[in-house]
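Written out below as structure tokens is the structure these notes cover.
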Amino acid sequence: KQYYHNRKMSILEYNGAAVIAMAGKDCVGIASDNRLGIQYQTVAMDFKKVFKMNDTLFVGLAGLATDVQTLDQLLRFRMNLYELREERTMTPQVFTNLLSNILYEKRFGPYFAEPVVAGLDEKGSPYLATMDLIGAIETTKDFVVSGTCDGNLYGMCETLYKPDLGKEELFETLAQALLASVDRDALSGWGGVVHIITKEGVMSRELKGRQD
Amino acid sequence: MYQQNLDKIAELSSHSAMGVSGPNCDLVNFSELGTGLSDVTPHLAPYHDQCRYISKNLALYELSNDGMKLSTHAQANFCRGELAKALRKGPFQVNVILGGYDENVPNGGSLYVMDYLGSCQKVNYGAQGYASNFTLSIMDRDWEEGLNEEQAVKIVEHCIRELNMRFLLNQSNFIIKVVDKDGVRTVKADSDPTDN
């Protein structure tokens, strides 16, 4: 076994991921990389980690791929139930609390995923939140990151971020921050995808980065 | 003496098949020729149970829903869900490649690769187990959009030749199955070299 890798990888690093979300002027952006790996081997280059919950709410999930997919299904299920019962759309704040609850329920056998929530609240102002794998919420006004290269992402965001960016500038900032960060991380990359959410709609673009 | 001709590709439904691999499947095992599989290869029992569980549940769906067949995507999702559920109870140590044919899907055929933890991804080509280290690069090079069956089988044979040449732990017995509009059929099955 030593022949393959010397360092023991934690479960959160098994598949590799990079997720980033940023607030702009009346808009939010969320982006992720495309890699799905099994430790150091790449298995797919089109693995989705950002999921649309509704037109103004996206969630990005970094971590163990099986839990990312399970949580996506669970969240859509719970959100649909809520909307059927309450007859209104779920706000990002409520969604974040729901997700936190789902994660904490499994406190002593958690889902190995660290989510990032990005959306527009009812007034149309940006909402960003992140939490750890057991659901400790942190809301911010500027940017949130998650994944195997979160250190790189923090550095890039701190450098590139400016408040009140328009949607095109926000797209550019997100793209540059993501691509530069994943290039220094073996476990994430293979391009990316960026979604910019405004009141008018969602703009999604694929990023072509280093394919390694 | 160990069994060299174990068919690891199970037919799930009329138009889908599931191949499995995993560390347990590489272990040598004792066998009497051709008797009940789970008695003969008990360490592979989880795989046999898994395949049976999946295929019987798919058959049940068809029976309960007026003959409606589940699409390959749905079958793969069901399989993934079972793997994910089992992960925190008593995990199946099986990595799965599920392939199927649907009429209403562009191109018809679709392939899903799942690992034993329950992550699922639709792919154009895939490999599980030690084989992946050798064969993924070959398929990266050779695969292109719009291959016909003959070309696809040629690529698979290319992979097999490579394994025969370079893979230390290789067993040279391979079985190739094709899934198309007419269902699942075996294209090539090497015989057990210990049979005379």
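The values are calculated or read from the model by the stated rules, or taken from the named source; none is laboratory data. Remember, it's a predicted structure, so these values are computed and weren't measured experimentally. Because the Cβ atoms are built from the backbone with ideal geometry, glycine has one as well, and the counts that use them run over all protein chains shown. Each accessible area value is taken on the protein alone, full model and side chains, heavy atoms only, with ligands, DNA and RNA left out. Shrake-Rupley method; radii C 1.70, N 1.55, O 1.52, S 1.80 Å.
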Taking the criterion of being within 30 Å of B:S137 (Cα to Cα) and open to solvent by 10 Å² or more (accessible area, probe 1.4 Å), would at least one residue in the stretch A:149-159 satisfy it?
yes
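Would you mind stating whether B:S38 is under 20 Å from the mean Cα position of the chain (by Cα), of a type in the set (S, T, N, Q), at pLDDT 65 or above and open to solvent by less than 50 Å² (accessible area, probe 1.4 Å)? Give the steps one after another, and end with the answer.
Numbers: under 20 Å from the mean Cα position of the chain (by Cα): yes; of a type in the set (S, T, N, Q): yes; at pLDDT 65 or above: no; open to solvent by less than 50 Å² (accessible area, probe 1.4 Å): yes.
No; evaluated as a whole, the condition is false for this residue.
Which of the strands (runs of 3 or more DSSP E) found entirely inside the stretch A:32-97 contain at least 1 residues meeting this: surrounded by fewer than 20 Cβ atoms within 10 Å (Cβ to Cβ) and within 14 Å of chain B (Cβ to nearest Cβ)?
Filter on the stretch A:32-97 gives A:36-38, A:41-44.
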Can you pull out the residues in the stretch A:13-31 that are away from chain B (no Cβ under 14 Å), open to solvent by 10 Å² or more (accessible area, probe 1.4 Å) and either in contact with an Asp or Glu (Cβ under 6 Å, 6 or more places away or on another chain) or among the hydroxyl-bearing types (S, T, Y) (or both)?
A:K25
Listed by first then second residue, the pairs whose first member lies in the stretch B:71-96 and is within 9 Å of chain A (Cβ to nearest Cβ) and free of Cβ contacts under 8 Å to residues at least 60 places away in the same chain, whose partner is assigned to a helix (DSSP H, G or I) and open to solvent by less than 20 Å² (accessible area, probe 1.4 Å), with beta carbons under 6 Å and at least 6 positions apart or on separate chains, are B:A84/A:T66
Regarding the stretch B:118-133, can at least one residue be identified that is more than 30 Å from A:L71 (Cβ to Cβ) and among the basic types (K, R)?
no
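The rows are residues; the columns are (1) within 26 Å of A:L165 (Cα to Cα); (2) of a type outside the set (F, W, Y).
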site: A:I20; (1), (2): yes, yes
site: A:V28; (1), (2): yes, yes
site: A:F47; (1), (2): no, no
site: A:L57; (1), (2): yes, yes
site: A:T91; (1), (2): yes, yes
site: A:T96; (1), (2): yes, yes
site: A:I102; (1), (2): no, yes
site: A:D121; (1), (2): yes, yes
Quick one: in the stretch B:97-137, of everything that is part of a helix (DSSP H, G or I) and at the interface with chain A (Cβ under 9 Å from one of its Cβ atoms), which residue is most open to solvent (accessible area, probe 1.4 Å)?
B:N133
Quick check on A:Y127: is it among the aromatic types (F, W, Y), under 24 Å from A:G201 (Cα atoms) and open to solvent by less than 70 Å² (accessible area, probe 1.4 Å)?
yes
Of the candidates B:D140, B:D180, the one satisfying the condition of being out of contact with any Lys or Arg (no Cβ under 8 Å at 6 or more places or on another chain) and open to solvent by 80 Å² or more (accessible area, probe 1.4 Å) is B:D140
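Matching residues to (1) assigned to a helix (DSSP H, G or I); (2) farther than 20 Å from A:G124 by Cβ:
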residue	(1), (2)
A:V144	no, no
A:G151	yes, yes
A:G155	yes, yes
A:E158	yes, yes
A:E169	yes, no
A:A177	yes, yes
A:L187	no, yes
A:H195	no, no
A:S204	no, no
Restricting to the stretch A:98-121, name every residue that is surrounded by fewer than 20 Cβ atoms within 10 Å (Cβ to Cβ) and assigned to a helix (DSSP H, G or I).
A:L98, A:S100, A:N101, A:I102, A:Y104, A:E105
Among the residues of the stretch B:158-169, are any at negative phi, in contact (Cβ under 8 Å) with a residue 40 or more places away in the chain and either part of a loop (DSSP other than H, G, I, E, B) or in contact with a Phe, Trp or Tyr (Cβ under 9 Å, 6 or more places away or on another chain) (or both)?
yes
Run B:P23 past the list (1) open to solvent by 60 Å² or more (accessible area, probe 1.4 Å); (2) away from every other protein chain (no Cβ under 14 Å); (3) modelled with pLDDT under 65; (4) under 25 Å from B:L117 (Cα atoms) and report the number of the one that doesn't hold.
(2)
